[in-house]
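The values are calculated or read from the model by the stated rules, or taken from the named source; none is laboratory data. None of the values given here were measured: they were computed from a predicted structure. Here Cβ is always computed from backbone atoms with ideal geometry, including for glycine, and neighbour counts include all displayed protein chains. Only protein heavy atoms, including side chains, enter the accessible area calculation; ligands, DNA and RNA are left aside. Shrake-Rupley method; radii C 1.70, N 1.55, O 1.52, S 1.80 Å.
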Amino acid sequence: MDNLRRIDLNLLITLDVLLVEQNVTRAAERLHMSQPAVSVHLAKLRDLLGDPLLLPGPRGMRPTARAEALRAPLRDALESLSRAVAPDAPFDPARAEVTWRIAATDFTESTVVLPVLASLREVAPNTRLAIFDMSPSRLLRQAEQGVIDLAFHTTDGAPQGLRRRTLFTERYVLAARRGHPKLRRKPTLKQFCELEHAVVSQEGGGFRAGTDDALAQLGMARRVVFSAPHFLFLKSVLANTDLVAMAPERLVRDDPALQLTAAPVDVPGFEISMLWHERVHRDPAHRWIRECIARAV
């Protein structure tokens, strides 16, 4: 590294052309430089590398043994560097072999990942998709370190330092098994509170949610008797018991085993956002998958 700090990259480009042309005049033409300027570059290279590099010959110049040894690795290095700083090529999903790593809850698996999966497999058949459990406390670090490429999280509470795009706004509905005996019509607020409720507590063990906060403002409280950490299990609980739940509408609206009823209390909804780190913001493949997801939802 100390040697590299002393070398101007333009000197290496000049050396590469000189080793090909073995003639200062022709090298100057290719480099769009004057012949004296190329000669100055050659003198600096000789001093830096401690070798004449090119010696006068009958038909121009001939490389020294050191120069011959430099020829192939120098060409490879310059080509690699050129590729590294070249503008990003357009992303071709049909030929791409990319693995995307996404952090999601079971709710966003169902409402975000599932809608895009079929089209993704059709349009980008050689790509792969890995879902990671959502860990909000580790999300920023995982994105910084490249453990994940994308995450889906409620906008409120999403970690700072990540780019975001709102995907949809969700609202809550009262969900229960179809034919529930106590939900033949919209319940009164008193009847609603007397029902046996289930909630999702993603941290585990919680029996309170936004509905309870809304009821508390009215001086009311409901009976929460069941808590689960996963939304998809909640759907099975509702379909097979007389428990009810205030559930995100997208999760339950197409389930034939469930009926949806307007609740007598207004519970604020929430936004779901797509999150990603600045390091991948301009990556063509990453931009493409973000647009696919946004269109699908």
- Selection over segment 207-221 where residues are in contact with a strand residue (DSSP E or B) (Cβ under 6 Å, 6 or more places away or on another chain) and either in a helix (DSSP H, G or I) or not aliphatic (A, V, I, L, M) (or both) yields a count of 2
- Test E203 against the stated conditions and say whether it is at pLDDT below 95, among the charged types (D, E, K, R) and either within 25 Å of Q142 (Cα to Cα) or in contact with a helix residue (DSSP H, G or I) (Cβ under 7 Å, 6 or more places away or on another chain) (or both). yes
- Message: With the requirement that a residue be within 21 Å of G157 (Cα to Cα), aliphatic (A, V, I, L, M) and assigned to a strand (DSSP E or B), what does segment 245-297 give you?
- Response: M246, A247, I272, M274, L275
- Scanning segment 44-68 for residues that are loosely packed, with under 10 Cβ neighbours inside 10 Å and of a type in the set (G, A, S), the one modelled with the highest pLDDT turns out to be A65
- Count, please, the residues in segment 188-204 that happen to be more than 18 Å from A216 (Cα to Cα) and of a type outside the set (D, E, K, R). 4
- Item | Answer residue from segment 75-102, given it is open to solvent by less than 50 Å² (accessible area, probe 1.4 Å) and not aromatic (F, W, Y) and is modelled with the highest pLDDT among those | I102
- Query: Does segment 127-143 contain any residue that is of a type outside the set (A, V, I, L, M, F, W, C) and touching a Lys or Arg at 6+ places or on another chain (Cβ under 7 Å)?
  - Reply: no
- Message: I'd like to check something: does segment 222-239 contain any residue that is in a strand (DSSP E or B) and open to solvent by less than 20 Å² (accessible area, probe 1.4 Å)?
- Response: yes
